[in-house]
Amino acid sequence: MVAEKLRLVEETAQPGASVSLVARRHDINANMLFTWRRQARQGPLAAPPAADATAAFVPMGVIGGSARPIEIELPNGVRLRLGGEVDGGSLRRLLTVLKETW
């Protein structure tokens, strides 16, 4: 799936290419293709790590407030319990790393 997304992103980079036309040609939403282009520039659309790669965790902290705890149960049965305010971007990155180990 990642390879297909990258192929479509590359297609939009060709001289004279239009994101809207590429999206129409492949029967996908142009906004999705714009998102893939942004992800490809920022890195999250890159190919997944090799099977022998080690997962890395991003340190997270809770600052102030006593927001209601968030509990997330992963498909493998592991539960994450987060308290306080959690930055959405950090949580997304953490879940992306954890998803690779499911």
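The values are calculated or read from the model by the stated rules, or taken from the named source; none is laboratory data. Owing to the predicted nature of the structure, the values given are computational and were not obtained by experimental measurement. Glycine also receives a Cβ, built like all others from the backbone with ideal geometry; neighbour counts cover every protein chain displayed.
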(request) Hey, could you check segment 65-100 for residues that are touching an Asp or Glu at 6+ places or on another chain (Cβ under 7 Å) and surrounded by fewer than 10 Cβ atoms within 10 Å (Cβ to Cβ) and say which is modelled with the lowest pLDDT? (result) GLY65
(message) Cβ-Cβ distance below 6 Å, separation of 6 or more or different chains: which pairs start in segment 4-17 with a residue that is farther than 15 Å from ARG41 by Cβ and end on one that is of a type in the set (A, V, I, L, M, F, W, C)?
(response) GLU11/VAL22
